[in-house]
1. Return yes when residue 421 is more than 30 Å from residue 248 (Cα to Cα) and either touching a residue at least 12 places away in the same chain (Cβ under 8 Å) or open to solvent by 60 Å² or more (accessible area, probe 1.4 Å) (or both) and no when it is not.
2. Among the numbered conditions (1) on the phi < 0 side of the Ramachandran plot; (2) of a type in the set (Gly, Ala, Ser); (3) in contact with a helix residue (DSSP H, G or I) (Cβ under 9 Å, 6 or more places away or on another chain); (4) part of a loop (DSSP other than H, G, I, E, B), tell me where residue 269 comes up short.
3. Determine, yes or no, whether residue 112 is under 18 Å from the mean Cα position of the chain (by Cα), among the hydroxyl-bearing types (Ser, Thr, Tyr) and on the phi < 0 side of the Ramachandran plot.
4. Select from the range 214-237 the residues that are open to solvent by less than 10 Å² (accessible area, probe 1.4 Å) and of a type in the set (S, T, N, Q) and list them in ascending order.
5. Do we find a residue being within 11 Å of the ligand (Cβ to nearest atom) and under 14 Å from residue 231 (Cβ atoms) anywhere in the range 178-199?
6. Any residue at all in the range 173-188 that is buried (at least 18 other Cβ atoms within 10 Å of the Cβ), of a type outside the set (Phe, Trp, Tyr), closer than 30 Å to residue 282 by Cα and at pLDDT 95 or above?
7. Counting only residues that are among the polar types (S, T, N, Q) and within 15 Å of the ligand (Cβ to nearest atom), which one in the range 200-249 is farthest from residue 131 (Cα to Cα)?
Amino acid sequence: MSALLSSAPLRNPAPVLRFAPSPTGLIHVGNARTALLNALIARRAGGTFILRFDDTDAARSRAEYADAIAADLAWLGIAPDVTVRQSDRIADYAAAAERLKAMGRLYPAYETEEELDLKRGLQRARGLPPVYDRAALALLPEDRTRLEAEGRRPHWRFRLDHRVVAWDDGVRGPQQVDTATLSDPVLVRADGSFLYTLPSVVDDLALGVTQVIRGEDHVTNTAVQIEIFEALGGPVPGFAHHNLLTLPSGEGLSKRLGHLSLSALREAGQEALAVAALSVLVGTSHAVEPVDSLDALAAMVDLSAISRAPARFDPADLDALTARTLHLMPFAAAAARLQAAGIESEEAFWLAVRANLARFEDAQGWWEIVATPQAGVIADADRAFLSEAAGLLPAEPWDGGTWKTWTAGVKAATGRSGRGLFHPLRLALTGRETGPELAALLPLMGRARAEGRLKGAVA
Ligand code: GLU
C-alpha cells in the first residue's frame, strides 16, 4: 500500500479505481455491478483496482463480512490489486478534519437528534425544505462553553460553499447541484467517529483514485465531496453514477435483508461469469449475453450505455445465462474445477458434455456415465436388438466417426432406423433419455463398457 500511496497520480497515468463497500452484510448483485464496472475498467486500461472497506461504523462493521466480500470478489474473478481498511486510517481523517477546522470549513454543532427533528418539523409545516439552519455557526465562544458545561459534545458539520457544483458524469452527462439546497453535512459524530463522507475523500486523494464509479444514490454526496476535495486542495476524480438494480418486484436491493447475495447465487450453482454478465449488462442498451471470459465482458463495458432508470435483476434470467455460459466455456476455464470435482477428464469430455449442462455440477453425472460402471436401461422388447448391436461394435481404436460407422452397420443388419434404432442404443449406453451426442460419448466410454451395457451388464 505504501508504494501505491507514494506513487502520486501525476506519475501514474494509468487509471486507479476502487470499490468501497461497508462490511455490514453480504454483497448483492447491485454491489457486484459497482465492483465489476470499476474492476473491469481498471483491467481494460491496465490500471489499479482497489478494494476499500468503509468500516468506520464500528457498531455495524464485521470482519466476517469483509472476508466474505473478498471471497465474493475472488469468485467473480476480480481480486483487487490493493486492499485498504478505513479503520486503519483514522489518523489521516483526524488530520484532514483539523485542516478543515483551521480553514473554518468544519464547525461544531450541539443540537440533539430531537432538536433537529423539531426544527425539520417546523420547516416542513411552513412549507420550507428541511435544511439545517446553521444556527451553530452563530454560537459565540461563551455559548459553546455553556453548552459543553451542560454535558453536550459537539458533532462537526462541513460548511458548504452554497454554490453550484458541476461535473460531467460518466453515465448521466453534465450534472449540477446547488449546495445551497443542502444541509451542511455532519462529518464527525459527537463521539469523535467519522461518517463516510470525509474518509472517502481523504482516501481517494491518498490512493490517487482517478475515477469514482458508484450507484446513483450517491449523486448528492458527490456535490458535497467535490467541495471537500477542493477544500483539501486535491485533484477531483471523475465521477460516474450508475442506475441501481432492484428485485423483480421493483423493490430496492438490501444488503441487510440479504437480497440476491453473491454467496447465495454461488451456492445455488450459478456461474460467476453469468452473474457478472447479468449484473453488468442488465439495464444498459447492450443486450444481455453470455461471455467466455471477464476480458470479453470488460470489452463490452460502456458507461454511456447505462440507462437512467433502475433495472430489475431477475434470478430466472440467471438460470438460462448460467447454462449458456457453460455451453461456451473453454476447457481451460473448466479444467481446474473438473479436477477439483474428481473428474480426471481431458478436453474431449468437456467439449462432449458442456452443451448439456444447466449447472456445472451436472458434469459429474456424465462423467460417471463415461468413466464408471453403470447399468443401462433396457426394455425387454429391445434385448435381442441390443445384443446384436453389441456384436457389431467395431474394434478399437475409436474416434468421432465410430458411432456413425457402427450405427450404419446396425441399421443394415437389423432394418431398424430413426428413433427405433437410436433411442434404445442411447438408453442402454447412458441410462438416460437425452444427452450429449453419442458420437462424442462413445469413444470416451470405450468398447468394453459399451459392449457390457448393451448386453445388460453393469459395465
Ligand atoms: N461505502 C459506500 C457505499 O457502499 C461507498 C460509496 C463510494 O463508492 O464512495 O455506498
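1. yes
2. (1)
3. Values: under 18 Å from the mean Cα position of the chain (by Cα): no; among the hydroxyl-bearing types (Ser, Thr, Tyr): yes; on the phi < 0 side of the Ramachandran plot: yes.
So residue 112 does not fit the description; no.
4. 222, 225
5. yes
6. The answer is yes, given that some residue of the range 173-188 is buried (at least 18 other Cβ atoms within 10 Å of the Cβ), of a type outside the set (Phe, Trp, Tyr), closer than 30 Å to residue 282 by Cα and at pLDDT 95 or above.
7. So, considering only residues that are among the polar types (S, T, N, Q) and within 15 Å of the ligand (Cβ to nearest atom), the one farthest from residue 131 (Cα to Cα) is 210.
Rundown of residues vs (1) within 13 Å of the ligand (Cβ to nearest atom); (2) modelled with pLDDT of 95 or more; (3) of a type in the set (D, E, K, R); (4) under 20 Å from residue 199 (Cβ atoms), yes/no style:
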| position | (1), (2), (3), (4) |
| --- | --- |
| 1 | no, no, no, yes |
| 4 | no, no, no, yes |
| 34 | yes, yes, no, yes |
| 50 | yes, yes, no, yes |
| 74 | no, yes, no, no |
| 77 | no, yes, no, no |
| 80 | no, yes, no, yes |
| 105 | no, yes, yes, yes |
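The values are calculated or read from the model by the stated rules, or taken from the named source; none is laboratory data. What you see is a predicted model, and the numbers here were worked out from it, not measured in a lab. Glycine gets a Cβ as well: all are built from the backbone with ideal geometry, and neighbour counts include every protein chain shown. For accessibility, only protein heavy atoms count, side chains too; no ligands or nucleic acids. Shrake-Rupley method; radii C 1.70, N 1.55, O 1.52, S 1.80 Å.
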